[in-house]
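The values are calculated or read from the model by the stated rules, or taken from the named source; none is laboratory data. Here the structure is a predicted model, which is why all the values come from computation and not from measurement. Note that we place each Cβ from the backbone using ideal geometry, even for glycine, and neighbour counts take in every protein chain shown.
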Amino acid sequence: MSIVSVIFKSSIGKKYVMAGTGALLFLFVIGHLVGNLQVFGPPELINTYAHFLQSKPAMVWGARIGLLVLVVLHVTTAVQLSIANKAARPVTYSGGEAYGSAWQSRYMLMSGIVIAAFIVYHLAHFTARLPAINGVGDFTKIKTVLHGEIVPDVYAMMVLGFQVWWVALFYIVAQALLFIHLGHGIASAFQSFGLRDHVWWPRIQFLAKGASIAIFIGYALIPISIYMRVVGSDYAGKAAAQLKDSASVQPAVATQGKETH
Ligand code: HEM
């Protein structure tokens, strides 16, 4: 048997895969948050960052494929382990379920499913930019000028996107579930790698809680401050005009800029 099939067939191997893929996805979540927090700066900041990423298709596609593989491995091993756990303990404990096992793993599965649904919506919302699901209009029409180039206006897209109450609410709810998922998931990953003793476990749990709270606050602040019109409300008017009339920005910039994307 190859090392790969040994890992995927044993339950400890599956736990390693789930913990390892979870750790890498966690790094993505932090990196993505740092990128998104630039929305609190001037519009050019996040637009320059987004344009830099979009101008590196090989890097972006490499990251997309990598993320997809990580998500598939994480979800498959999670479902397999959850089924195996249920099969091993078909009868519930008297007086309810054991703390730290059944209810938490069910919570992980439930929050994981909502996060997966959120990611599907999120990709359709900001990456594919499907007008039918954003409650605003066609985001692909919103452009700005950056160093003489006409580029997608990601700042305006975020501002217009989160001025819609149900979109802002859905993002906040999804971040709350991500918070629950990470709070338990980070600590469990350390446990899967055998890093659990009476000295380190309380520290690991403290760190896991702190990190998941910081991530929740960072992500949730974006829709909240945009919806409350603390961020980008002046800019939104200009961008909304472009949605009604996609030609409105073009004459001012078409002479100096060349269209990209
Ligand atoms: C308030 C929360 C969030 C905001 C404002 C946000 C913003 C964005 C934006 C603007 C893009 C499109 C970038 C572009 O194409 O220029 C994007 C892409 C993406 N986001 Fe988020 N995001 C948030 C939360 C999350 C979370 C929690 C996850 C994962 C757990 C996530 C995963 C992704 C992925 C996988 C992409 C696709 C990257 C690509 O392939 O282009 N996002 N996000």
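Answer yes if at least one residue in the range 75-90 is within 16 Å of the ligand (Cβ to nearest atom) and either at pLDDT 95 or above or of a type in the set (Val, Ile, Thr) (or both), and no otherwise. Scanning the range 75-90, I find at least one residue that is within 16 Å of the ligand (Cβ to nearest atom) and either at pLDDT 95 or above or of a type in the set (Val, Ile, Thr) (or both), so the answer is yes. In the range 38-51, the qualifying residues are those that are out of contact with any helix residue (DSSP H, G or I) (no Cβ under 6 Å at 6 or more places or on another chain) and assigned to a helix (DSSP H, G or I), and the one that is nearest to the ligand (Cβ to nearest atom) is HIS51. With respect to GLY66, is the statement that it is small (Gly, Ala, Ser) and within 14 Å of the ligand (Cβ to nearest atom) true? Considered against the rule, which asks whether it is small (Gly, Ala, Ser) and within 14 Å of the ligand (Cβ to nearest atom), GLY66 comes out as yes. Are there any pairs with C-beta distances below 6 angstrom linking a residue in the range 153-164 that is outside any helix (DSSP H, G or I) to a residue that is hydroxyl-bearing (Ser, Thr, Tyr), with the two at least 6 apart or on different chains, and if so which? If the second residue must be hydroxyl-bearing (Ser, Thr, Tyr), the pairs left are ASP153/THR144.
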